[in-house]
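Visitor: Questions regarding the structure given below will be posed in turn.
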Amino acid sequence: MSTMPSDRSPDSTLAFIREGYRFVGSRCDRLGTDVFQTRLLLEPTICLRGREAAELFYDEERFVRRGAMPMRGQRTLTGVGGVQGLDGQAHRVRKAMFMSIMTSAAIRRLGEIFDEQWQARIPVWARNGPVVLYDEVGEILTRTVWAWAGVPLAEADVPRRTAEMHAMIEAPAALGPRHWRGRLGRYRAQRWAGDLIERVRAGAVPAPEGSALAVVAGHRDERGLPLPRRIAAVELLNVLRPTVAVDRYVVFAALALHDHPHWRDRLPGDDAATERFVQEVRRYYPFFPVAAARVRRSFQWRGYTFPQGRRVLLDLYGTNHHPGTWPEPEQFRPERFTGWRDDPFGLIPQGGGDHFTGHRCAGEWITIELMKRAVTNLTGAMDYRVPPQDLALDLGAMPALPPSGLVLDGVRPVDGAHRADGVRPLR
Ligand code: HEM
């Protein structure tokens, strides 16, 4: 048995907040390891990165999720009592609820609504001069996912609902006002989502069959009981919030098109190339830094002891940039996905393992669909310029976003733009 490498700091919480996405990877590089021990929020914590570590982390026999996510993350990002913190049968039943929404027809429908909403905005952007892509796409996604989920939304409420979703996403690693905006956003969103669930259950608001609203309101848990109002609100928001968060990936995709402009000509009309491009955006750009779990029962791995109850963090960003899996990981190269065999533990921006039985993101297919549609619209439905602005990505800021939010200027619709049916006339 060996002593696990350690970063030897009495507590590394501030270093984690300061170094962000590079916190685990830089220590792994320094210590020459993919596993080390540190203290975070005063608690001993094991950090892991890499493909084999991901395979270990998603072994349900070895890890549980209960009590793994710090309360500041639950009170802002995920909510308390949601699917993320469940284990065993309770998790399977709750996860099945989410996965039942993710049929290929439903995903396509979501994509079609998104296309309609995006294409309706192009003439507005053309008329109004410079636009901030992050703000615009956030609102497009709010309109899209509310309509898709069967949740009523007045146009006048779009900005504040989008702001609530953004506040929750930005809050977990933030200190001060940004954190408190997230707490307030969650409080308000859970209140209106809870009211809505109650009105659906009372028959006062119709919920289209198969929609997220109907599925969550009517869900029965593993004991056959309906979800309490508060938990149902958390789970409805677990569909709405992360779908709006796809706006960050859309900004990253536009940033990649700006930094590697030759892809603008290569992608239109080529679905496979667009998918490879989107996969590389998800691999390359930072989103969630880590996933958290606790050791179910003590075990040994690579000669190191993982004691029962110990908190373990898997470095998602670092695994997507691990040189053992990804040659030249700091290069943006969509070609690397040519002939790529889906690897559930190598590419893990949205978690790894199995969507149905494990904690892998329920919305991964939706995310890829929306990103592909966004890239198709950016390259095929409109022309634009990217004026000088601050686009530097700070890997110390979680969640990352270019400071400008990506300003587009000179937007112009392109005739014969790509349509949702996948047929794109030649320009
Ligand atoms: C914006 C892009 C997205 C990213 C980067 C992302 C990332 C993640 C990550 C890292 C996890 C945790 C994996 C783990 O704990 O092992 C997760 C879980 C989850 N995501 Fe996403 N996600 C995204 C979009 C979505 C969308 C669009 C939905 C909509 C349904 C969604 C719903 C969920 C749910 C319900 C879980 C919990 C799954 C479970 O615990 O079993 N996510 N996501």
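The values are calculated or read from the model by the stated rules, or taken from the named source; none is laboratory data. Every value quoted in this text rests on a predicted model; they were computed, and no experiment measured them. Note that each Cβ is placed from the backbone with ideal geometry, even for glycine, and that neighbours are counted across all protein chains shown. Each accessible area value is taken on the protein alone, full model and side chains, heavy atoms only, with ligands, DNA and RNA left out. Shrake-Rupley method; radii C 1.70, N 1.55, O 1.52, S 1.80 Å.
Visitor: Provide the per-residue ³J(HN,Hα) series for the stretch 33-38, in order, calculated from phi with Karplus coefficients 6.51, -1.76, 1.60 and θ = phi - 60°, each as a whole number of Hz, with x at glycine and proline positions.
Guide: 8, 10, 8, 8, 10, 8
Visitor: Give a residue-ordered list of calculated ³J(HN,Hα) values for the stretch 342-348 (Karplus: 6.51 cos²θ - 1.76 cosθ + 1.60, θ = phi - 60°; whole Hz; x for Gly, Pro).
Guide: Once θ is set to phi - 60°, the couplings for the stretch 342-348 become 3, 10, x, 10, x, 10, 10 Hz.
Visitor: Compute the FRET efficiency between Ala126 and Asp221 as 1/(1 + (r/R0)^6), taking r as their Cβ-Cβ distance and R0 = 30 Å, and round to the nearest 0.05.
Guide: 0.05
Visitor: When the accessible area of the chain is split by element with a 1.4 Å probe, what percent falls to carbon and sulfur?
Guide: 52
Visitor: What does the extension gain come out to for Ser2 and Arg18, with contour length at 0.36 nm per residue minus their alpha carbon separation?
Guide: Details: separation 16, 0.36 × 16 = 5.76 nm, distance 3.02 nm.
Computed gain between Ser2 and Arg18 is 2.7 nm.
Visitor: I'd like the FRET efficiency for Asp259 and Glu155, computed as 1/(1 + (r/R0)^6) with the beta carbon distance as r and R0 of 30 Å, rounded to 0.05. Walk me through the intermediate numbers first.
Guide: Details: r = 35 Å, r/R0 = 1.15.
That gives a FRET efficiency of 0.30.
Visitor: With θ set to phi - 60° and the Karplus curve 6.51 cos²θ - 1.76 cosθ + 1.60, what are the ³J(HN,Hα) couplings of the stretch 313-319 in order, to the nearest whole Hz, using x for Gly and Pro?
Guide: Karplus-based 3J(HN,Hα) across the stretch 313-319 equals 10, 9, 7, 5, 4, x, 5 Hz.
Visitor: Among Met371, Met165, Met102, whose mean-square fluctuation peaks in a Gaussian network model of the chain (Cα, cutoff 10 Å)?
Guide: Met102
Visitor: Continuing with this model, one more query. Mean separation of Cα pairs under 8 Å and 6+ residues apart, divided by the residue count of the stretch 334-384: what relative contact order is that in percent?
Guide: So the answer I get is 16 percent.
Visitor: For Asp394, what residues show an amide H to amide H distance below 5 Å, using hydrogens built from the backbone and excluding near sequence neighbours?
Guide: The answer is Leu401.
Visitor: Next question. Can you tell me, using C-alpha contacts under 8 Å and at least 6 residues apart, the relative contact order of the chain as a whole percent?
Guide: That works out to 25 percent.
Visitor: Additional query: Compute the distance from the alpha-carbon center of the stretch 370-417 to that of the stretch 187-224, in whole Å.
Guide: Between the Cα centres of the stretch 370-417 and the stretch 187-224 lies a distance of 35 Å.
Visitor: Now a separate question. Suppose the chain between Asp354 and Ser298 were pulled fully straight at 0.36 nm per residue; how much longer would it get relative to their current alpha carbon spacing?
Guide: Extending this stretch completely gives an extra 17.8 nm.
Visitor: Right, next: Pulled fully out, how much extra length does the chain show between Leu393 and Thr305, if you take 0.36 nm times their separation in residues and subtract their Cα-Cα distance?
Guide: So the chain would gain 28.0 nm between Leu393 and Thr305.
Visitor: Apply 1/(1 + (r/R0)^6) to the Cβ-Cβ distance of Arg109 and Leu175, taking R0 = 45 Å, and write down the FRET efficiency to the nearest 0.05.
Guide: Working: r = 40 Å, r/R0 = 0.89.
About 0.65, to the nearest 0.05.
Visitor: Taking only the Cα atoms of the stretch 76-161, how large is their convex hull per residue, in Å³?
Guide: Here the figure is 124 Å³ per residue.
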